[in-house]
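Just so it is clear, none of the values below were taken in a lab; they were calculated from the coordinates. This is a predicted model, so every value here is computed, not measured. FYI the Cβ positions are ideal-geometry reconstructions off the backbone, even for glycines, and counts take in every protein chain you see.
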Amino acid sequence: MKSNTIALALSKGGSGKTTTAVNLGHGLALRGKRVCLIDCDTQANLAIALGVAVRPGRTMAEALTGEQKLARCAVRARENLWLVPSEKTSLARAKLAMAQDELGAGAFWLQERVKEINGAYDFIILDTAPGWDLLSIAVLYAAQKVILPVSTEYLSLVGATDYVHNVEAARKRNPMLHIELVLPTFLDGRVSRSLEALALIRQAFGEIVAEPIRVNTDLSEAMSHHQSIFEYAPASRGAEDYGKLVSLVLRRS
């Protein structure tokens, strides 16, 4: 059986991609699914968030350039949950090597690496950096599905609308790719602008809009304690909201 390969992506920063990667990944693992998180962000925050030690020479950079097999770079972070961590300097060098590929195939390196582990996990989740570069393109060539975390503010909605064009462009090289879900984040029901932005997101994207992730300080505190929300505050709103997302992803898989 092939893996469900999901990219958490949006060019705009501050939308909750890494928080979603950690909590969606661990939430699926808690439901008995084998999950591999792949950190494609030079900020390298997934290892920090999960309290995983990064092994020199066994990171996303070495996997990307083919110096190591992707499977050898995966670290067991929790039961049923593995992580291919990133490291800032080495991943920056790997991105440069991608751009300098003489055959112009650098954008497909990640696709080839992910194929190596396809079927070994139920879910492969790719966390991405804000912005748009060759690695961002490579992620879209490697994934089947995209989840767009969109903070409930107008500029984030504009960014999501623009990002749809990136996905459509990538579909020319990866016809299986599609936007699976739009995930509203940082919803504050006390603020009218947040509720207005949620309404606009639903209007723009319709039935693929998931239930929103509400503002919850436990989510940021969990990250600082190197835990998922299910470990840090299992009775919190954050755990409730991400639990709904996990259920939805399972239903659609």
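Mean separation of Cα pairs under 8 Å and 6 or more residues apart, divided by the residue count, gives the chain a relative contact order of 25 percent. Compute the acute angle (0 to 90°) between the alpha-carbon long axis of helix 154-170 and the principal axis of greatest extent of the alpha-carbon atoms of the chain; round to the nearest 10°. The answer is roughly 40 degrees. For segment 73-114, the set of GluC sites (Glu not before Pro) satisfying both a DSSP loop assignment and a count of at most 14 other C-beta atoms within 10 Å is given as GLU79, GLU102. For segment 4-252, a/c is not less than 1.5, where a ≥ b ≥ c are the root eigenvalues of the C-alpha gyration tensor, and a/b does not top b/c. That puts it in the oblate class. Per-residue Karplus couplings for segment 30-40, computed as 6.51 cos²θ - 1.76 cosθ + 1.60 with θ equal to phi - 60°, are listed in order as 5, 8, x, 8, 7, 10, 10, 8, 10, 8, 9 Hz, Gly and Pro entered as x.
With a simple spin-label model that places each label point 7 Å from the Cα along the Cα-to-Cβ direction, the separation between GLU211 and LYS172 comes to 4.0 nm. For the pair ASP133 and ALA97, the difference between a 0.36 nm per residue extended length and the Cα-Cα distance amounts to 11.7 nm. Between VAL146, VAL35, VAL215, the residue with the greatest mean-square fluctuation in the GNM of the chain (Cα pairs under 10 Å linked by springs) is VAL215.
If I build a Gaussian network model for the chain, linking alpha-carbon pairs within less than 10 angstrom, which residue out of VAL22, VAL114, VAL191 has the largest mean-square fluctuation? Greatest mean-square fluctuation among the candidates belongs to VAL191. Per-residue ellipticity at 222 nm from helix content only, as computed over the chain with -39500 (n - 2.57) for each DSSP H run of at least four residues, stands at -14000 deg cm²/dmol. Distance from the Cα centroid of segment 205-242 to that of segment 145-174 is 22 Å (rounded to whole angstrom). Counting only trypsin sites (Lys or Arg not before Pro) that DSSP places in a loop and that have at most 12 other Cβ atoms within 10 Å, the longest clean stretch of the chain runs over 3-171. Backbone amide hydrogens, once placed in the peptide plane, bring ILE213 within less than 5 Å of THR185, PHE186, LEU187, excluding anything fewer than 5 places away on its chain.
Under the criterion of Cα pairs below 8 Å and six or more residues apart, the relative contact order for segment 110-231 equals 22 percent. Taking THR65, THR128, THR89 as the candidate residues, the one with maximal mean-square fluctuation in a Gaussian network model of the chain, Cα springs under 10 Å, is THR89. For the pair SER192 and LEU155, a Förster radius of 22 Å applied to the C-beta separation gives a FRET efficiency near 0.85, rounded to the nearest 0.05. Compute the angle between helix 237-252 and the longest alpha-carbon principal axis of the chain, please, reported from 0 to 90 degrees and rounded to the nearest 10. Once rounded, one gets 60 degrees.
Looking at the chain, the DSSP beta bridges with both ends there are about 10 percent antiparallel. Computed extension length for GLU221-ASP162: 18.1 nm, one decimal, from 0.36 nm per residue of separation with the Cα-Cα distance subtracted.
Amide H contacts of ILE124 (H built 1.01 Å from N, in plane; Pro and chain starts excluded): ASN4, THR5, ILE6, CYS36 sit under 5 Å, all sequence-distant by 5 or more or on other chains.
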